[in-house]
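Heads up: the structure comes next, in structure tokens.
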């Protein structure tokens with residue numbers, strides 16, 4: 001068994017939000033809008049008039065502000081789930097490395113280097129702080 | 001009697017399909033991952049399965065938060081892919097095996113599981129990429145599909161113990177099926193990765209090795225962690241290993257490892273391929 005302290009289950013996981021019922025309820029409108037981006041016509045409608053499209057889905061002020069700022073951590077704090085947010089990121093041509101960089105305050109090259117360093121034997125902590 | 005010929009397990013990172021589309025399999029970044037499938041190609045050519053029972057998680061193509069099943073079993077005559085919203089190529093449609101699907105559902109409910117049953121079901125990259133990897137260049141898939149979806153998106157997720165029990169119930173169904181099918185079981189997703197939050201980019205080869213080392217001979221060892229501890233150890237999306245655990249249960253009581261490959265990173269993910277046969 002990998003080592004885990006007995007209390008570890010109760011401690012918050014650093015830098016991690018569990019997408020639970022509370023988050024899913026809070027984020028419903030934002031995630032519903034992102035789910036709609038499975039259709040190309042909806043992606044085009046968002047790009048044509050972002051304000052109107054967000055209004056159609058009834059985004060909360062917190063959600064609307066996070067989308068306007070392209071603030072991924074803000075979207076997660078507002079209940080967004082990454083599987084749905086990825087569809088929004090796709091509209092802007094952003095992949096998961098771009099999104100990772102946005103969330104960790106790194107450049108995309110730094111984020112990619114952090115991933116590669118883990119492949120070369122560094123722990124996540126070493127790679128992320130290196 | 002139907003025969004369960006074995007099981008393979010693989011990551012389903014969307015970027016893999018981009019690499020296939022571009023023909024990047026021999027590029028230095030991709031080669032260590034794609035080379036892990038050569039043995040799987042040889043094995044499939046020898047075993048010739050004609051049915052695939054696939055455990056995976058939907059990523060917001062077929063299911064949304066309005067109705068999110070913990071376990072869902074497809075019982076359709078075909079399963080199409082559709083636009084997932086981020087520019088992936090469309091994948092080939094699968095033929096289904098609704099008679100076997102209903103037989104699996106009967107067994108699951110007899111074993112006191114409560115699955116959602118789906119006579120219409122879109123399948124996303126989590127189902128398609130494992131076939132793109134296994135059957136490169138195929139014009140159509142040589143297997144009929146029984147897809148089983150596990151919620152790894154919205155907590156509470158089913159426990160690892162419950163997923164293993166689900167897989168074992170599916171095994172009982174496959175073992176009692178009277179057809180002549182040759183069945184391959186597939187578990188998709190993982191291993192450790194985290195896409196969201198300040199910890200995005202987290203991977204954990206120690207935990208992945210623990211999973212790979214125990215999946216064949218002692219899968220119950222993977223059920224000792226709560227979901228929260230699994231997220232801590234494997235990342236928010238690393239919990240997709242639940243699909244592997246369920247698939248391992250469906251393979252049957254004993255298993256031997258035939259082949260494994262493990263490579264960091266593919267995209268943001270610790271990518272793994274594992275091939276098991278019944279013991």
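Every number here is computed from the coordinates shown, using simple stated rules; none is lab data. Treat the numbers as computed from the prediction; the structure is a model and nothing was measured. Cβ: placed from backbone, ideal geometry, glycine included. Neighbour counts: every protein chain shown.
When the residues of the stretch A:35-49 are filtered to those that are under 19 Å from the mean Cα position of the chain (by Cα) and more than 8 Å from chain B (Cβ to nearest Cβ), the one that is farthest from residue A:15 (Cα to Cα) is A:46. Among the residues of the stretch B:125-161, the one identified as surrounded by fewer than 19 Cβ atoms within 10 Å (Cβ to Cβ) and outside any loop (DSSP other than H, G, I, E, B) is B:161. Filtered by the rule that a residue be surrounded by fewer than 19 Cβ atoms within 10 Å (Cβ to Cβ) and within 13 Å of another protein chain (Cβ to nearest Cβ), the stretch B:229-262 gives B:229, B:262. For the stretch B:69-85, the condition of being in contact with a strand residue (DSSP E or B) (Cβ under 9 Å, 6 or more places away or on another chain), in a loop (DSSP other than H, G, I, E, B) and under 24 Å from residue A:94 (Cβ atoms) holds for at least one residue. Among B:167, B:149, which is the only one that is within 14 Å of chain A (Cβ to nearest Cβ), farther than 21 Å from residue A:119 by Cα and touching a strand residue (DSSP E or B) at 6+ places or on another chain (Cβ under 8 Å)? Sole residue among the options that is within 14 Å of chain A (Cβ to nearest Cβ), farther than 21 Å from residue A:119 by Cα and touching a strand residue (DSSP E or B) at 6+ places or on another chain (Cβ under 8 Å): B:149. The residue pairs whose first member lies in the stretch A:116-130 and is within 9 Å of chain B (Cβ to nearest Cβ), whose second member is surrounded by 11 or more Cβ atoms within 10 Å (Cβ to Cβ) and outside any helix (DSSP H, G or I), and whose beta carbons are closer than 6 Å, counting only pairs six or more residues apart or on different chains, are A:118/B:203; A:118/B:264; A:119/B:264; A:119/B:265; A:124/B:202.
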